[in-house]
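Values in this text are rule-based calculations from the coordinates and carry no lab data. Since the model is a prediction, treat every value here as computed from it, not as a measurement. We place every Cβ from the backbone using ideal geometry, glycine too, and count neighbours over all the protein chains shown.
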Amino acid sequence: MQRILSFLIGLAITFSINAQKPKTYTSSNIYEAVQKLNFLGTALYIAAHPDDENTRLISYLSNEVKARTAYLSLTRGDGGQNLIGPELRELLGVLRTEELLAARNIDGGQQFFSRANDFGFSKHPEETLEIWNKKEVLADVVWVIRNFKPDVIINRFDHRTPGTTHGHHTSSAMLSFEAFDMAGNPNEYPEQLKYTATWQPERLFFNTSWWFYGSPENFEKANKTKLLHVDIGTYYPTLGMSNNEIASIARSQHLSQGFGGISSRGSEQEYLEYLKGSFPNDENNIFSGINTTWGRVKGGEAIAEILLDVQNHFNFKNPSEHVPQLVKAYQLINNLEDEYWRKVKLEEIKKIIKACSGLFLEATVNQASAVPGETIDVRASTINRSDIEMKLKSIKTTPTNETNNYNKTLANNQETSSGIAVTIPQNGPYTAPYWLKEEGTLGMYKAPQELRGKPETPRLVKAYFNIDIGGVEIPFEEDIVYKYSKPDKGEIYQPFQILPPVTASVANKVAIFSNNESKQISVTITAGKDNISGPLHLKHNGGWNVSPESINFNIANKGDTKTIHFKITPPDNEDEETMTPVIKVNGKDYNKALVTIAYDHIPTQSVLLPDSFKVVRLNIKKVGENIAYIAGAGDAVPESLRQIGYNVTVIQPENINSAYLKNFDAVVVGIRAYNIHESLKFKQPILLDYVKNGGNLVVQYNTAGRGGLNIDNLAPYLLELSRDRVTDENAEVTFNAPSNALLNTPNKITQNDFNGWVQERGLYFPDKWGKEFTSVLSMHDKGESKKDGSLLIAPYGKGYYIYTGLSFFRELPAGVPGAYKIFANMLSVGKTAKNDANYIKG
């Protein structure tokens, strides 16, 4: 699989701005890129989230049609769950951004985003657009259209069906439909025209299918006069793969969503419903009637004559034969009046010239990061792996823009290596996702106009190699990257980062105080440079006692850490406070935490976030001590339970046995555990026997849809999951069984315990259950019927089975007091003096 991925990453000549291992290109890859160079057409696919995009169609447009193709995802998927690690919210958005870029590197597309924040599931676009701020998100869609200049726009969802699917989905289509006309109107968002120009797309489509018609039978009978269709299962002989194989591997990059899957092959139809603009003459060609040749730009005919000759007589054995022609075409493209196509095609042809000649350019450092003001040593390597006459004229490095002149002939396959000193500006920006640098709102991130739409923050430190090829000087841009090796992985490339001289982190972002006893809170300081020292204190508003007020530290070596301990004493009454570690170095305050996101399928990411943590004084009672937790999909509930004094043992399904479970007062099943652990179904009889013999089993939400539940007997009685959810975190909660133990012991639950919830009440509630279950709570979103399946309890034998769709995996890490009390009651049920069946039923 890894060999296939490495091959596919290069196949479309798509060049990520990520610092990764240098890409290699076969003659077939280069030939495909030349074909794309001769196509002057652009398509933009628009939807709401990472994973919404149709990789089959994106790959088809990029690799078969040869169109410049991009996906605009309005959000970065910040509100979802994570199946591969602990990252949630902003960090999950960073991870999913990189997964989208990895997918685009395979299917050949580009990637854009708006500033919209994925705040969680929304049932209606009216709610979505209110939280997002419709005017601002619409501005971002217009901005991307004006900059990318698509001839064709394709919506993933139907703008005419509000309330029938995720509100974000319908909103993406509604915004696209509206932006189609606005992008060409200079009176709409005129402030953007300081940086770009208006653009009117030619036509707009909706990427429909039988699913939107309810069934294949309904779709078969539907009027198709406005439908275009294309076979996206086409096979590419030069690549040895079909389009849908490429698309499947691209989609499998969404690993945090569990989308790793089997490739598909063979003929497959995609349907596009015409919405507005000009109607194409050819129902199999969405670009029909649009000039996509070099004739579309003034002066393009001479370019076409050269490049079509290269395409028609391409030398697969020795592509360098075409370099003189390509250089001549480069000069002509460089003189085009059309600024947009000049810029686009210059970048394309430079990469083809580089690939044809085997020109290797690299700028590396032997350290992963530096701090502002630091000087780094860059090793610049240049190799001409062809017989083409070349000279290395100069290398310019940013951000200082210093130029080193060489004027050195590049002999065939002989490395030219140069050492360059680059000083990071003292007041330069840190490497960080640009949309996280300022605090946004529930629905929107903040970003300067020039960065809006971009997938990542542009790298500050770069090298520009000025190469003379046949008397023509061509600049090639390369990110400066960190290169190292590991015995078990070999050569590794990693993005080079500019980071603060010191960062601080607190392991637990919430500290729960269940009584008035003091707790030790540890702050870990990491040095970003040698010889760092200063005082550290915890900034807070008062009411809590922090001792000592300040602690001095000294760290000798970059990368080393020191852990500082503070004693925090809570007030007597329930209270909440936010505290922030602040380090003062040379008169400047530093209060950021450095979070590293490292997975094999994406480049390593460094994220700087405010290192605030929440302290909560909570009057909470509990019964029982030892909890077994069956790990689910990326939830932090075990640590949250430890905060209130439970001894939590995280166990894997293969370790479950009857004798072992006898050691625990309760067993908790993590979120989506039945979805991700297929082996758990074989352990279900043991879990149910544990309940029957007097145990307490708490099962958190699972899904019965995509991915499958992997089990038939989720509960000892009838229990069917649905897609019911309550997305309003402030939705009114009714106590269906007010005297039930879950609402009374050992903690009395009141309406106040549902205040301060985040993102949602709960999700994937059951909608059918046996008479043995008691429905404890009822809730619903505005305009909907009541949902009674959020918290269900049933006695089974001597013990109790509890199923809950309440979003404890969000509420506990957020420090919501009421969520802790309810969870403690679930773990304690049946262990108090008043444990008769009527009390459990309420």
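Numerical summary
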{"item": "Per-selection metrics, region 502-617 (Cα): Rg and Dmax in Å", "result": "15.3, 49"}
{"item": "Charge-dipole axis of region 502-617 as Lys and Arg at +1 and Asp and Glu at -1 on Cβ define it, positive-most pick from Leu608, Asn508, Pro548", "result": "Leu608"}
{"item": "Region 662-784: C-alpha gyration tensor shape, a/c 1.5 cut-off, then a/b vs b/c", "result": "oblate"}
{"item": "Proxy reagent accessibility, fewest Cβ within 10 Å first, across His565, His166, His677", "result": "His565, His166, His677"}
{"item": "Cβ crowding within 10 Å averaged over residues, with 498-509, 269-280 ranked highest first", "result": "498-509, 269-280"}
{"item": "Dipole magnitude of the chain, debye to nearest 20 (Cβ charges: Lys/Arg +1, Asp/Glu -1, about Cα centre)", "result": "1100 debye"}
{"item": "Space enclosed by the convex hull of the alpha-carbon atoms of region 626-841, per residue, Å³", "result": "109 Å³"}
{"item": "Long-range Cα-Cα pairs in region 102-232 (distance over 20 Å), rounded percent", "result": "53 percent"}
{"item": "Cα centroid separation - region 750-765 against region 111-152, whole Å", "result": "27 Å"}
{"item": "Exposure proxy order (Cβ contacts within 10 Å, fewest to most) of Tyr690, Tyr340", "result": "Tyr340, Tyr690"}
{"item": "Positive dipole terminus of the chain, leading residue within Trp294, Tyr803, Gln81 (C-beta point charges)", "result": "Tyr803"}
{"item": "Cross-link partners of Lys662 among lysines (Cα-Cα below 21 Å; sequence separation of 8 or more within a chain)", "result": "Lys622, Lys681, Lys683, Lys692, Lys798, Lys831"}
{"item": "Assigned charges on the beta-carbon of Lys, Arg, Asp, Glu; region 195-247 dipole about Cα centre (debye)", "result": "220 debye"}
{"item": "Dipole in debye (nearest 20) - region 502-617, about Cα centre, beta carbon charges: Lys, Arg +1; Asp, Glu -1", "result": "360 debye"}
{"item": "Residues Phe496, Phe212, sorted so that the one with the fewest Cβ neighbours within 10 Å comes first", "result": "Phe212, Phe496"}
{"item": "Gap separating the Cα centres of region 586-624 and region 64-109, nearest whole Å", "result": "23 Å"}
{"item": "Region 315-343 and region 507-585: distance between their alpha carbon centers, rounded to Å", "result": "59 Å"}
{"item": "Partners for Lys562 among lysines (Cα-Cα distance below 23 Å; same-chain residues under 8 apart left out)", "result": "Lys509, Lys519, Lys529, Lys539, Lys584, Lys588, Lys592, Lys614"}
{"item": "Considering only the chain, percent of DSSP beta bridges that pair antiparallel, nearest 5", "result": "70 percent"}
{"item": "Computed [θ] at 222 nm, deg cm²/dmol, the chain (DSSP H ≥ 4; -39,500 (n - 2.57); rounded to nearest 500)", "result": "-6500 deg cm²/dmol"}
{"item": "Semi-axis lengths (Å, descending) of the ellipsoid that matches the C-alpha gyration tensor of the chain", "result": "51, 35, 24"}
{"item": "Estimated D of region 248-347 in µm² per second, where Rh is the Kirkwood radius over Cα pairs and Stokes-Einstein applies at 37 °C, 0.692 mPa s", "result": "186 µm²/s"}
{"item": "Over region 169-227: Kirkwood hydrodynamic radius from C-alpha pairwise inverse distances, Å", "result": "14.1 Å"}
